[in-house]
Amino acid sequence: MSEFYYLDISLKLAAEPEQLLPVYFKSCLEQALVRIFGEIGGQTTVDILKFDTKQARAIIRVPTDFYVKLRSVISLIGQFQDIPCSFVVHKASPLLLGLVETNLEF
């Protein structure tokens, strides 16, 4: 079994943010994990492997043990930098190559 899970996700925003940087994208996910699951339950490593600012889209990696928690949190996030938002999971796979067909033009 793979020790990581990979997700191709994008951020849909109601307005343009001040800055859309990978560090803010990652921080939004990590803060939501802690907010929902607490300091101990939300502690994990979320890695951004690829980020496209124009499309607000990223390929992220999370330990397999936290995959379900991250999916739950993604569905509950409603704001990014005080702007209404939603995340869309385009594809998820325990293998990075499993995301290839979705990201040919990414």
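The values are calculated or read from the model by the stated rules, or taken from the named source; none is laboratory data. It should be emphasised that the depicted structure is a prediction, and the values quoted were computed from it without experimental measurement. Cβ coordinates were reconstructed from backbone atoms using ideal geometry, including for glycine residues, and neighbour counts include every protein chain displayed. Heavy atoms of the whole protein, side chains included, go into the accessibility calculation; ligands, DNA and RNA do not. Shrake-Rupley method; radii C 1.70, N 1.55, O 1.52, S 1.80 Å.
Remarks
- Hey, residue 73 at pLDDT below 95, in contact with a Gly (Cβ under 7 Å, 6 or more places away or on another chain), outside any loop (DSSP other than H, G, I, E, B) and closer than 25 Å to residue 18 by Cβ or not: no
- Lone qualifier among 42, 98, 38 - being modelled with pLDDT under 95, open to solvent by less than 70 Å² (accessible area, probe 1.4 Å) and at positive phi: 38
- The residues listed here are 24, 67; of these, the one that is open to solvent by less than 50 Å² (accessible area, probe 1.4 Å), among the hydroxyl-bearing types (Ser, Thr, Tyr) and out of contact with any Ser or Thr (no Cβ under 6 Å at 6 or more places or on another chain) is 67.
- Qualifying residues in the range 1-20 (those that are of a type outside the set (Ser, Thr, Tyr) and not in a loop (DSSP other than H, G, I, E, B)) - the one farthest from residue 87 (Cα to Cα): 4
- Qualifying residue in the range 21-38 (condition: more than 19 Å from residue 91 (Cα to Cα), in a loop (DSSP other than H, G, I, E, B) and not β-branched (Val, Ile, Thr)): yes
- Residues that are among the aliphatic types (A, V, I, L, M) and open to solvent by 30 Å² or more (accessible area, probe 1.4 Å) were ranked within the range 70-91; the one that is farthest from residue 10 (Cα to Cα) is 76.
- Taken over the range 1-13, the criterion of being farther than 25 Å from residue 64 by Cβ and open to solvent by less than 80 Å² (accessible area, probe 1.4 Å) is satisfied by 13 alone.
- The set of residues in the range 45-63 that are open to solvent by 30 Å² or more (accessible area, probe 1.4 Å), under 18 Å from residue 91 (Cα atoms) and either part of a helix (DSSP H, G or I) or in contact with a Lys or Arg (Cβ under 9 Å, 6 or more places away or on another chain) (or both) comprises 47, 48, 49, 50, 51, 57.
- Scanning the range 17-35 for residues being charged (D, E, K, R) and at pLDDT below 90 gives a total of 1.
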